[in-house]
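Trainee: Once you've had a glance at the structure underneath, I'll fire off some questions.
Taken together, the values in this text are just the output of simple stated rules run on the coordinates, not laboratory data. A quick note: this is a predicted structure, and the numbers were derived from the prediction, not measured. Quick reminder, even Gly has a Cβ in these numbers, built from the backbone with ideal geometry, and neighbours come from all protein chains shown.
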Amino acid sequence: MGRQTRPEDIQQTYLHVQDGGTTLPLPVSATFWQDLGSGSHPQLEQGRLMSAYTFSEPWAVWERHLAGEELVMLLSGAATLVLQEPQGEREVRLETVGAFVLVPKGVWHTARTSVPTTMLFLTPGAGTEHRPV
């Protein structure tokens, strides 16, 4: 039998999906993303991070992942994912629970919404970059 004995909340406990097939829980704190940016979680450079994020306004940043594709899936609400591709910006509207986009490796992207929205992310660990919108 597995080690998990009760349900967890992906917004309170992220998951580090390791390359070797093991998945480890990561408790989320108010400073998790700041700590990650300062190098406090070097183990996340390998594998993928599964997380969920709730927001109700456009993101203030663009991001891209140089280590691989990112899965972005809608859990509630509605949002437009904007991908900055070589031929120009492409908007993908996510309105149905379970709708998802695979953001190609290295493509700058951001999200826009004006309603409470929760999305699930499966993000490659190494080389994420951010810049202001």
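Trainee: Arg112 label point, 7 Å along Cα→Cβ, cut-off 13 Å on backbone N: hits in segment 76-94?
Mentor: Backbone N within reach: 79-84, 89-94.
Trainee: State, to one decimal in nm², a quarter of the convex hull surface area for the C-alpha atoms of the chain, i.e. the direction-averaged projected area. Working shown, then result.
Mentor: Values: hull surface 35.0 nm².
Averaged projected hull area, Cα only: 8.7 nm².
Trainee: What number, in percent, do you get for the relative contact order of the chain if the mean sequence gap of Cα pairs under 8 Å and at least 6 apart is divided by its residue count?
Mentor: Values: 296 pairs, mean separation 41.2, N = 133.
Worked out over the chain, it gives 31 percent.
Trainee: If you don't mind, there's one more thing I want to ask. To the nearest 0.05, how large is the calculated FRET efficiency for Val133 and Gln46 if R₀ is 35 Å and r is the Cβ-Cβ distance? Provide the component values of the computation, followed by the final result.
Mentor: Values: r = 29 Å, r/R0 = 0.84.
Rounded to the nearest 0.05, the efficiency is 0.75.
Trainee: Also, I was wondering about something else. May I have the convex hull volume per residue, in Å³, for the Cα set of segment 6-68? Mind dumping the intermediate values first?
Mentor: Numbers: hull volume 7.4 nm³, N = 63.
So the per-residue Cα hull volume is 117 Å³.
Trainee: Return the single residue from Val17, Val72, Val92 with maximal mean-square fluctuation; model: Gaussian network over the chain, springs between Cα atoms under 10 Å.
Mentor: Result for the chain, Cα springs under 10 Å: Val92 fluctuates most.
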